[in-house]
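The values are calculated or read from the model by the stated rules, or taken from the named source; none is laboratory data. Owing to the predicted nature of the structure, the values given are computational and were not obtained by experimental measurement. Here the Cβ is made from the backbone with ideal geometry for all residues, glycine too, and neighbour counts use every protein chain on show. Ligands, DNA and RNA are excluded from the accessible area calculation, which covers all protein heavy atoms including side chains. Shrake-Rupley method; radii C 1.70, N 1.55, O 1.52, S 1.80 Å.
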Amino acid sequence: MSTQPALKDWPLWEVFVRSKQGLEHKHCGSLHASDSEHALQMARDVYTRRQEGVSIWVVPSHLIAASDPEDKALMFDPASDKIYRHPTFYDIPDEVGHM
Amino acid sequence: MDARVKPVAASTDYLLHLADNALVLGQRNAEWCGHAPILEEDLAMANQALDLIGQARLLYQLAATRLNAEGRTQRPSAWPAGPVTEDTLAYFRDDRDFRNYTLQELPHNPGLVPAAGGTRDWGVSIVRNFFYAVLMEMVWERLAASPDADLAAIAAKSLKEVRYHVRHARDWLLRLGDGTDESHRRVQAAVDYLLPFTAEFWAASALDAQAAQAGVDVPALRADWDRAVDAALQEATLARPPAVDGWVPQGKQGVHSEHLSYLLGEMQSLARAHPGATW
């Protein structure tokens with residue numbers, strides 16, 4: 001059986017998995033699926049079979065607006081010499097938890 | 001449930017019936033590994049096969065513990081020496097000893113499904129999984145309150161798994177039934193072929209009396225099963241074939257189709273050629 005029809009007809013979805021309560025959803029990959037329910041089901045089987053998650057988001061890839069790799073220098077380089085913005089000069093109390 | 005209910009040990013035969021159902025379907029579904037229509041479904045089917053084999057292992061372990069406790073010395077000569085283990089029960093019993101429904105052992109592409117193509121038909125596998133999972137969701141629900149505490153614990157674990165199996169199979173049933181002309185034709189052929197095999201669910205037998213003792217009256221589940229299946233078929237734009245009276249499969253009584261011995265031949269040959277082998 002060919003995988004062609006699926007790849008041709010089914011849109012691409014980006015998959016985000018939250019690993020446990022209190023942590024954020026993280027991008028973990030993408031897959032082709034016919035609709036959101038189908039995408040959720042396949043994401044469950046592909047990305048959470050080793051207990052990786054407690055929650056899944058799927059987002060149609062075409063709805064994600066991405067920065068242009070060409071703009072990398074103008075977008076991100078200006079931050080490189082401003083280390084005073086990093087929270088490394090004070091201690092975070094343990095009670096704060098994940099930041 | 002009444003807290004004063006006396007603990008009851010489910011019969012070993014009934015445990016083996018539940019275990020054989022899970023193992024044989026798990027073995028069948030594992031045949032999709034590396035061959036499913038798409039990668040994600042390959043994983044989905046293999047995940048479910050592993051759920052089923054995991055259920056079978058727990059049930060065989062429980063049955064083995066109880067057989068050993070009985071201390072019976074008369075055992076089939078083919079069984080390896082020493083205490084009975086899950087492997088004895090899975091690998092050293094012959095087809096006539098297996099108590100699974102005939103439905104479980106049928107190939108994915110029986111020659112009797114004229115519309116099926118290739119060596120496996122996804123529609124056949126989906127319809128079978130759906131018919132069985134709908135039944136087992138109801139069975140595990142009831143066994144989760146079984147007076148046999150060990151069986152109740154296995155049921156509680158299996159219930160979560162089977163709920164996903166129902167969702168997966170039902171979802172595909174709708175997609176294939178309400179999909180293209182070809183998918184509709186093929187999944188309808190699978191329904192027409194497999195539905196008569198479900199008659200075995202409701203045929204009363206000694207095993208069902210043992211099931212009732214363990215906490216589930218299986219033939220009494222028929223109306224609920226019919227409702228769930230009819231609703232899904234209707235939503236999938238599929239027709240329910242008219243009921244056929246007469247022949248009822250007898251797999252649960254050890255009288256199987258020709259397909260089971262081939263399946264067991266493949267599954268058991270390694271363990272029998274090298275008893276006790278490990279890696």
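Points to keep in mind about this one:
- Evaluated at q = 0.10, 0.11, 0.13, 0.17 Å⁻¹, a Debye calculation over the C-alpha positions of the stretch B:12-273 (equal weights, vacuum) places log10 I(q)/I(0) at -0.48, -0.58, -0.82, -1.43.
- List of the stretch B:36-82 residues, accessible area with partners at least 50 Å² below that of the chain alone (1.4 Å probe): B:Pro37, B:Ile38, B:Glu40, B:Leu43, B:Asn47
- The Rg/Rh ratio of chain A, with both radii computed over alpha carbons and Rh defined as the Kirkwood radius, is 1.12.
- When the Cα positions of B:Gln268, B:Gln48, B:Trp122 are compared along the charge dipole of the protein assembly as shown, B:Gln268 comes out farthest toward the positive end, with charges on each C-beta of Lys, Arg, Asp and Glu.
- With the helix formula -39500 (n - 2.57) applied to DSSP H stretches of n ≥ 4, chain B reaches a computed 222 nm mean residue ellipticity of -20000 deg cm²/dmol.
- Ligands, DNA and RNA aside, B:Leu159 has an accessible area near 20 Å² when probed at 1.4 Å.
- In sequence order, calculated HN-Hα J values of the stretch B:57-68 (Karplus, 6.51, -1.76, 1.60; Hz; x Gly/Pro): 4, 4, 5, 5, 4, 5, 5, 5, 4, 6, 5, 5
- Pairs of lysines in the protein assembly as shown (C-alpha under 23 Å apart; 8 or more residues apart or interchain): 5
- Inter-part distance, the stretch B:19-43 to the stretch B:132-180, computed on C-alpha centroids, equals 16 Å.
- Counted charge near B:Ala232, where neighbours are those whose Cβ lies closer than 14 Å (Asp, Glu -1; Lys, Arg +1): -1
- Going by accessible surface with a 1.4 Å probe and the largest first, A:Thr48, B:Thr119, B:Thr180 read B:Thr119, B:Thr180, A:Thr48.
- Angle in degrees between helix A:36-47 and the longest Cα principal axis of chain A, rounded to the nearest 10: 70
- The protein assembly as shown: mean projected area of Cα convex hull, nm²: 27.0
- Basic side chains Lys and Arg get +1 at the Cβ, acidic Asp and Glu get -1 at the Cβ, and with that the dipole of the protein assembly as shown about its Cα centre reaches some 880 debye.
- Summed side-chain charge close to B:Ala214 - residues other than B:Ala214 whose Cβ falls under 12 Å, Lys, Arg +1, Asp, Glu -1: -4
- In degrees, nearest ten, helix B:149-177 long axis to first principal axis of chain B (Cα): 10
- Selected from B:Ala69, B:Ala239, B:Ala228, residue furthest toward positive end of dipole (chain B; charges at beta carbon): B:Ala69
- A:Trp13 accessible area, assembled protein chains, probe 1.4 Å, Å²: 30
- Length-normalised contact order of the stretch B:12-273 in % [C-alpha pairs under 8 Å, at least 6 apart]: 24
- Computed about its Cα centre, the charge dipole of the stretch B:12-273 is approximately 360 debye, with only Lys, Arg, Asp and Glu carrying charge at their Cβ.
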